[in-house]
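Since the structure comes first, as structure tokens, the remarks are kept for the end.
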Amino acid sequence: MVSPDTALRRLLRETGKLLEPYGFGGSEPTWIRVEPGGVASVGRTRVSRTWTDGQQTLRFGLRLDAAPAAWWEFRNWRDTRLGLAPTSPENATGPGLVEPHPPTLEPPESWSLRVDPERAGQHAAQADIDVIRAELPRRVHAYARRAIALIQPDRYLDELLAHPEPDLDTRRAIVVLLADRGPGPELDDAIHLLRQAISEQEASEYVEEVVTYARTRAALV
């Protein structure tokens, strides 16, 4: 019998062990894998706490992130222009513009760790622990594979290009990632569409900064 907080810590240790075979390292709340193509991460979501009739419930889930190397380089280029310190690969974050949930896994509900009302002492309900422990391997494996897949060459870009109605942020990311392929008609078209997405009065400097980076980066490829 353990408290919900102790149960959570034990479950997160199990999460770290499940991620090790996929090359993820680190510690709770986020484990990362750094590759030439970018940085993949899997971690827990923010823990929420609610009380009902004086009984505490913890809720949490898993999240993933993928930061293509080209995106990380752009962010550091921009931060340098702003006088900010560069971000290390271990702390890189992605554009956050693709569906994080693996295609084979419906967006799952958060897990719950409730206090067992049948026991004195604020112990976590064993049934909740058993449910999470049973579901944890499948969810961890799916998130690890999805995060790793998104930092493979061109995978993130291909998913952005497949978006039926890209917004301004998506078009910006497309230009940044296309620049890594070098100059060409595809990059020119992407820059044209990015500029079309806004009026001359709206965030033109924001767009031109991206264009400047993309032209400079593409010329080096």
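Count of segment 109-162 residues, restricted to those that are over 30 Å from PRO36 (Cα atoms) and either buried (at least 17 other Cβ atoms within 10 Å of the Cβ) or not β-branched (Val, Ile, Thr) (or both), is 26. Does segment 62-74 include one or more residues that are surrounded by fewer than 17 Cβ atoms within 10 Å (Cβ to Cβ) and at negative phi? The answer is no, given that none of the residues of segment 62-74 is surrounded by fewer than 17 Cβ atoms within 10 Å (Cβ to Cβ) and at negative phi. Tell me, please, whether a residue that is of a type in the set (A, V, I, L, M, F, W, C) and either free of Cβ contacts under 8 Å to residues at least 12 places away in the same chain or out of contact with any strand residue (DSSP E or B) (no Cβ under 9 Å at 6 or more places or on another chain) (or both) can be found in segment 32-40. Taking every residue of segment 32-40 in turn, none turns out to be of a type in the set (A, V, I, L, M, F, W, C) and either free of Cβ contacts under 8 Å to residues at least 12 places away in the same chain or out of contact with any strand residue (DSSP E or B) (no Cβ under 9 Å at 6 or more places or on another chain) (or both). With respect to the stated conditions, THR57 is open to solvent by less than 70 Å² (accessible area, probe 1.4 Å), farther than 24 Å from PRO36 by Cβ and touching a residue at least 12 places away in the same chain (Cβ under 8 Å). When restricted to residues that are surrounded by 13 or more Cβ atoms within 10 Å (Cβ to Cβ) and not in a strand (DSSP E or B), segment 12-35 contains 11. For segment 43-94, filtered to residues that are assigned to a loop (DSSP other than H, G, I, E, B) and of a type in the set (Val, Ile, Thr), the residue that is nearest to TYR156 (Cα to Cα) is THR93.
Any residue that is loosely packed, with under 13 Cβ neighbours inside 10 Å and either under 28 Å from THR45 (Cα atoms) or free of Cβ contacts under 8 Å to residues at least 60 places away in the same chain (or both) - is there at least one of those in segment 173-181? No, segment 173-181 contains no residue that is loosely packed, with under 13 Cβ neighbours inside 10 Å and either under 28 Å from THR45 (Cα atoms) or free of Cβ contacts under 8 Å to residues at least 60 places away in the same chain (or both). Within segment 81-108, if we keep just the residues that are open to solvent by 40 Å² or more (accessible area, probe 1.4 Å) and aliphatic (A, V, I, L, M), the residue that is farthest from MET1 (Cα to Cα) turns out to be LEU82.
Filtering segment 43-69 to residues that are more than 25 Å from LEU19 (Cα to Cα) and either of a type outside the set (S, T, N, Q) or touching a Pro at 6+ places or on another chain (Cβ under 6 Å) (or both) leaves ARG49, TRP51, ASP53, GLY54.
The values are calculated or read from the model by the stated rules, or taken from the named source; none is laboratory data. If you're wondering where the values come from, they're calculated on a predicted model, not measured in any experiment. For neighbour counting, all protein chains shown are included, and Cβ atoms are generated from backbone atoms with ideal geometry for every residue, glycine included. Just so you know, the surface numbers come from the protein's heavy atoms only, side chains and all, with ligands and any DNA or RNA stripped out. Shrake-Rupley method; radii C 1.70, N 1.55, O 1.52, S 1.80 Å.
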